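Read the figures in this text as sums done on the coordinates, not as results from a lab. Bear in mind that the values here come from a model prediction, so they are computed numbers and not experimental data.
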Amino acid sequence: MVISVRWWHNSSVRPLTTDLTRTDERPYFLWDEDVSVAEFRQALGVAKPRERARLIGKLMREARDTDVWAFVTPREVWADLSSIRMYLGRRRPFWDYLLNAWHRDGILG
C-alpha cells in the first residue's frame, strides 16, 4: 500500500491528533498526508520492504520517540535500520545513538 501525499488543504482532510488510540483521525506526525492512524498501521503491515522503510523512517523522523513504539518494536527497527536510516533526516544522530546504545547494553538481543 502506497500512501499518497497531499500538499493542498481541503476541508475534508481529517483533523490531526496526538491521541494515537483515535484510529479514525490523522496522527500528528503525518501532517502532510491525509491518512488515519488505522490506515497507517495497515500500510506498515502490507508495504513492500522499501515502502515500509520509508514509512518507518518518516515515523521516526516526525513522531515523538515514545510514540514510535506504538507502531513498531525496537527489534524491528534495529533489524531494518540500514534500510530506514536514509529516511531519518535530522533525527538520524538521535536514533543511531539510542539504538546503538540499546544494542550495546543487550536490550535489542
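So what is the relative contact order of the chain, in percent, for Cα pairs below 8 Å that sit 6 or more residues apart? Walk me through the intermediate numbers first.
Values: 106 pairs, mean separation 21.9, N = 109.
Normalised by residue count, the contact order of the chain is 20 percent.
Once the Cα gyration tensor of the chain is diagonalised, what are the square roots of 5 times its eigenvalues, in whole Å and ordered largest first, as equivalent ellipsoid semi-axes? Before the final figure, lay out each step's value.
Working: eigenvalues 132, 38, 33 Å².
Semi-axes (√(5λ), whole Å): 26, 14, 13.
Under 5 Å between amide H atoms, partner at least 5 residues away or on a different chain: which partners does Leu108 have, H built in plane at 1.01 Å?
Hits under the 5 Å cutoff: His103.
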